[in-house]
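For reference, the structure is listed below as structure tokens.
The values are calculated or read from the model by the stated rules, or taken from the named source; none is laboratory data. This one's a predicted model, so the numbers in the text were calculated from it and none came from an experiment. Note that each Cβ is placed from the backbone with ideal geometry, even for glycine, and that neighbours are counted across all protein chains shown. Ligands, DNA and RNA are stripped out before the accessible areas are found, and what is left, the full protein with its side chains, is counted by its heavy atoms. Shrake-Rupley method; radii C 1.70, N 1.55, O 1.52, S 1.80 Å.
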Amino acid sequence: MLYLFISLTFLNSCNSSDDNSSDLDPIIGKWQLQSLQENGQEESTPCSRQTALTFLENGTTTINNFYDGDAAGNERCESANGTSIWENLGNSSYKVQDNGETTAIHFSENNTVFSVSDSETYNGTIYTIAITYKKQ
């Protein structure tokens, strides 16, 4: 599930130098995690809601991912940074180079909020993840 979250996270952040330009892709800009739900239950924490993605006009993305705990199970806020390359495929579908998957982005509130969702089956159980970001 963590890998799915990180993969979806790569798709969801933007930073714009000119937010008033109608020519810019709506994903351009900085986006901050607002909600992470698994099977309808909120899973985000104050730590994870620090996660921010920045999509740049040049097709790159910077990721500042925050998560609770470390490999030893300690309860502290950890972070990991990364970069990726994104591409708009049209119809609110985006592709990220690091995993090569296409994800549908659903924009709302005048393109200031976007969400992604995905389902996967693990040991016969279907898990649904819904992630929401808000433009900063």
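Annotations for the structure displayed:
- Over all orientations, the stretch 26-136 has a Cα convex hull whose mean projected area works out to 7.9 square nanometres.
- Per residue, the stretch 23-136 exposes an accessible area of 57 Å² to a 1.4 Å probe, with every protein chain left in place.
- Relative contact order, percent, the stretch 39-136 [alpha-carbon distance under 8 Å, six or more residues apart]: 16 percent
- R0 of 25 Å, Cβ-Cβ distance GLU38-PHE107: FRET efficiency to nearest 0.05: 0.65
- Here the spin labels are modelled as points 7 Å beyond Cα on the Cα-Cβ line, and at TYR127 and ALA80 they lie 1.4 nm apart.
- The modelled label-to-label distance for the pair ASP118/LYS95, using points 7 Å beyond Cα in the direction of Cβ, is 1.6 nm.
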